Amino acid sequence: MKRKALYRVGAHILIIQMLFCGALPCRAAEIGVSTLSAEEGKPAVTSVSISPGTTVVSKDATCAFTASVAGENNYSREVAWSVSGQTSQNTFIDGNGVLNVASDETASSLIVKAVSKQDSKYSASALVTVQASTYYIQLQASPDNGGSVYGSGSVKEGGYVVISAVPNEGFTFGGWLQNDNRVSQDARYVVDNIHNDVTYVAEFKPVEKQEPKTYTITASVSSAGGTVTPEGKTTVTEGSTVLYTITPKNGYAIRTIYVDGKEIGKTTSFNFTDVREDHTISADFVEMPGQSNSNSGKTDVKDDPERKPEAADRQENKGDDQKKPADDPKEEEPEQSTGTLAELKVSVDEAKQLIKENKDSELLAAARNTGDLQLIVRNDFMDREQDSFGVPDFEKIPELLLSGEERLEMLQGNMSVTIELAIKDTEGKESQQTKEAFAEKKLPGITIGRYFEVSLRETKKKDTQTISELPEKLKMTVCIPEHLKAENRRFYILRLHTEKDGNQDFAQLSDEDDNPDTITFSTDKFSSYAIAYIDLETETVGALENTESATGNHSAINAVMAVVIAVAIGITSLLIWYITVKKRSR
C-alpha cells in the first residue's frame, strides 16, 4: 500500500511538471529565449529596432528611417510605418519609412513607429524634434522723418519681439500698421506667437502749430505754521516744470503735504513736471512739542494797563518757590516724542519697549502714513495691484533691515527711510554672459523663456545701498507671459546669485501655487532670475508608464512560475531519495 501511495504521489508531481513545462515555452518565446516554434521550424520574429532613434527635422523637409527585424526560420522583415503627434494633415510617413514634415506643422515633436507585420507584438519607436523656423520682423517709419523705430530682426517661430517708436520733434505717434490695418496705438508694442515674416509701419503725424495751453497750480496752507512758495495761484504753460518749496516757521514742523488732494508725506519741496492739467498743493504744519510761544502770553499781560507787573511777578515766583525748594534736585523730564510718535501720542520710552519686544508693527504702519517710511514694489510681471504687487509679505522688510535704534530714529522723524524692491523684465536685453551662465547651470530638458532681475535698495539719510541678501525669505509672484503658456508645460524659476566670495550659487525654484497663470517662489537673494519650463509629452509619459507596468507584470509571472517549478523539483528529488533509501534498507 505504501508503495502504491508513493507511485500515486510521483505520478501527480510528474503531471504538474508537464503542465508547467507546457507553459514555459510560450513565456520563453515572449522574452526571446529558445522557442518550440523555432524547434518545429516555424518562422518567428524576436525583435524590431529603428534607426535613427532620435533626430531633428526641419519643416518642409524629409527624413528616412530604417527598421531592422530579427527572427528565425525564414521570418518576415516587413514593417508597418506610422507617425503620431502631428498637427498638419500634410505631415505623414510613407511605406518606405520616409517621414515628410509639412511647412505648416506646429508640433514641436513627433513619434515615428515601426510594427512587425508578421507579429504585431514587436515594434520600435523614434523621437523626432521639429526644428522651429526663423522669421524676420521688419519696421518702417511713415513718414521717414517722423521718428525712429526699434526692435526689427530675426525671431524663432512662436517667439516674441518688443517693438517701439519714438517721434521726432514736431511729430506725434499715431499707431502701428500691418498691411494697412491698425494693430496698436501703443508706442511700445509686444508682438508674440510669430509664425511668418511680417512688416510693421509706425505712423507719425505732424503736430499743428497752436497757442500753448495754460494751466493753474494753486498753493495753500492749512494753518499759520509755515509757507508754500510760490503762494496762491500760478499760471504755467503746458509741459512746464514748477518747483514748490515748503518752509515751516520757527517752532513748527511739516506734518504732511497734499498734492491734488492726495497725501504724499513730509517733504520740503515738490516739483510739478510736464504740467498738462490743473494741480493743487497744500501744506499742513504742526506745532512742535515744548515749543509753544510763551512770550506771546507775557506780552499780552504786560500790555494790560490794570496789571501790576512787580506784584504779579513776585506772586508767580513765590508760588514756584513753594512748589519746588531751591535745594531740591531737578526732576528729569521725559523725552518728548516727535515725528510719527507725536502723531500717535506715544512716548519715546513706550516706543523703545515696543521695539525691544518686536511689537512695533503698528508703529511702522503709522510711519508709512506719515511718510517717515516708504515701501515701494515695482513688478513688471503684475498688470494690476494685487497682494502688494506680488510681494505680500514685503511689510516685514523694515524689521529685517533696520536695527532697533534706526527704527526709533525714524519713528521720531529724524531719519526718513525708503526701501524699494524691483522685479524687472530685462526684455531681451540681458547680457550674453548671463545667458551663457544660465545655459551652463540649468538641467537638460529645461528651456529658459524669459530673464528678469530682482533687486532691493535701501535709502537712509539720503544714503542708498543695494541689498544682495536677506536673513529670511520673501514670497514673490510673477505672471507667466502669454507667449510662454502652453498645454502640458511645467514652470520653474531659475536663480543665479554671486556670493560674497565670488562663487556663483545656482538654484531651481519650484512653483508654490496652483494658479496656471502665475509662478510663486520664495527667495532671500537678489540677483539674476529666469522663467523656465519643461514640456511634458503626455503620450510619451503614458507609453513609459505602460511599459513599466507590463514589465512588472511579466516579472511577477516569471517569479511565481520559478517558485512552483522549484517546489516540484524539490518534492521529486525527495521522493527519489526516499525510494532509494527504502530499497537499500531491504
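The values are calculated or read from the model by the stated rules, or taken from the named source; none is laboratory data. Because the structure is predicted, anything quoted here is derived from the model rather than measured. Cβ coordinates were reconstructed from backbone atoms using ideal geometry, including for glycine residues, and neighbour counts include every protein chain displayed. To get the accessible areas, we keep the full protein, side chains included, count just its heavy atoms, and leave off ligands, DNA and RNA. Shrake-Rupley method; radii C 1.70, N 1.55, O 1.52, S 1.80 Å.
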- Could you check how many residues of segment 86-98 are open to solvent by less than 30 Å² (accessible area, probe 1.4 Å) and among the small types (Gly, Ala, Ser)? 2
- Within segment 512-526, count every residue that is open to solvent by less than 10 Å² (accessible area, probe 1.4 Å) and in a loop (DSSP other than H, G, I, E, B). 0
- Near pairs, Cβ below 9 angstrom, 6+ apart or cross-chain, from segment 564-578 (in contact (Cβ under 8 Å) with a residue 60 or more places away in the chain and of a type outside the set (Gly, Ala, Ser)) to any residue that is exposed (fewer than 12 other Cβ atoms within 10 Å of the Cβ) and part of a helix (DSSP H, G or I): 565/21
- Message: Looking at the structure I just gave you, is residue 154 surrounded by fewer than 18 Cβ atoms within 10 Å (Cβ to Cβ) and in a loop (DSSP other than H, G, I, E, B)?
- Response: no
- Within segment 128-150, restricting to residues that are open to solvent by 70 Å² or more (accessible area, probe 1.4 Å) and part of a strand (DSSP E or B), the one that is nearest to residue 44 (Cα to Cα) is 131
- Would you check if residue 217 is touching a His at 6+ places or on another chain (Cβ under 8 Å), hydrophobic (A, V, I, L, M, F, W, C) and crowded, with 17+ Cβ neighbours inside 10 Å? yes
- Might you check whether a residue that is assigned to a strand (DSSP E or B), open to solvent by 80 Å² or more (accessible area, probe 1.4 Å) and modelled with pLDDT under 85 occurs anywhere in segment 287-302? yes
- Does segment 120-127 contain at least one residue that is farther than 30 Å from residue 179 by Cβ, in contact with a Gly (Cβ under 6 Å, 6 or more places away or on another chain) and not in a loop (DSSP other than H, G, I, E, B)? yes
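Conditions tested, residue by residue: (1) surrounded by 14 or more Cβ atoms within 10 Å (Cβ to Cβ); (2) β-branched (Val, Ile, Thr); (3) over 45 Å from the mean Cα position of the chain (by Cα); (4) assigned to a loop (DSSP other than H, G, I, E, B).
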| position | (1), (2), (3), (4) |
| --- | --- |
| 42 | no, no, yes, yes |
| 48 | yes, yes, yes, no |
| 56 | no, yes, no, no |
| 62 | no, yes, no, no |
| 75 | yes, no, yes, yes |
| 83 | yes, yes, no, no |
| 100 | yes, no, no, no |
| 103 | no, no, no, yes |
| 106 | yes, yes, no, yes |
- Exactly one of (1) open to solvent by 30 Å² or more (accessible area, probe 1.4 Å); (2) touching a strand residue (DSSP E or B) at 6+ places or on another chain (Cβ under 8 Å) is unmet by residue 112. Its number? (1)
- Message: Considering only residues that are in contact (Cβ under 8 Å) with a residue 12 or more places away in the chain and farther than 21 Å from residue 389 by Cα, which ones fall in segment 455-483?
- Response: 460, 461, 471, 483
- Task: Report, ordered by the first and then the second residue, all pairs with beta carbons closer than 8 Å, sequence separation of six or more or different chains, a first member in segment 348-370 that is more than 16 Å from residue 406 (Cβ to Cβ), and a second member that is open to solvent by less than 10 Å² (accessible area, probe 1.4 Å) and modelled with pLDDT under 85.
- Result: 370/265
- Checked segment 344-363 for anything closer than 13 Å to residue 410 by Cα and either touching a Pro at 6+ places or on another chain (Cβ under 7 Å) or open to solvent by 70 Å² or more (accessible area, probe 1.4 Å) (or both); matches are 352
- Output yes when any residue across segment 234-243 is of a type outside the set (A, V, I, L, M, F, W, C), over 46 Å from the mean Cα position of the chain (by Cα) and more than 23 Å from residue 366 (Cα to Cα), and no when none is. yes
- Message: Of everything in segment 200-226, what is within 30 Å of residue 151 (Cβ to Cβ) and modelled with pLDDT under 85? Give them in sequence order.
- Response: 208
- Candidate set: segment 174-200, residues that are in a strand (DSSP E or B) and over 33 Å from the mean Cα position of the chain (by Cα); chosen: the one nearest to residue 272 (Cα to Cα): 174
- From (1) within 25 Å of residue 461 (Cα to Cα); (2) basic (Lys, Arg); (3) in contact (Cβ under 8 Å) with a residue 24 or more places away in the chain, pick out the condition that doesn't hold for residue 424. (1)
- Message: For segment 242-292, which positions are under 20 Å from residue 343 (Cα atoms) and among the basic types (Lys, Arg)?
- Response: 249, 255, 262, 266
- Query: For segment 239-259, what are the residues that are part of a loop (DSSP other than H, G, I, E, B) and open to solvent by 70 Å² or more (accessible area, probe 1.4 Å)?
  - Reply: 241, 249, 250
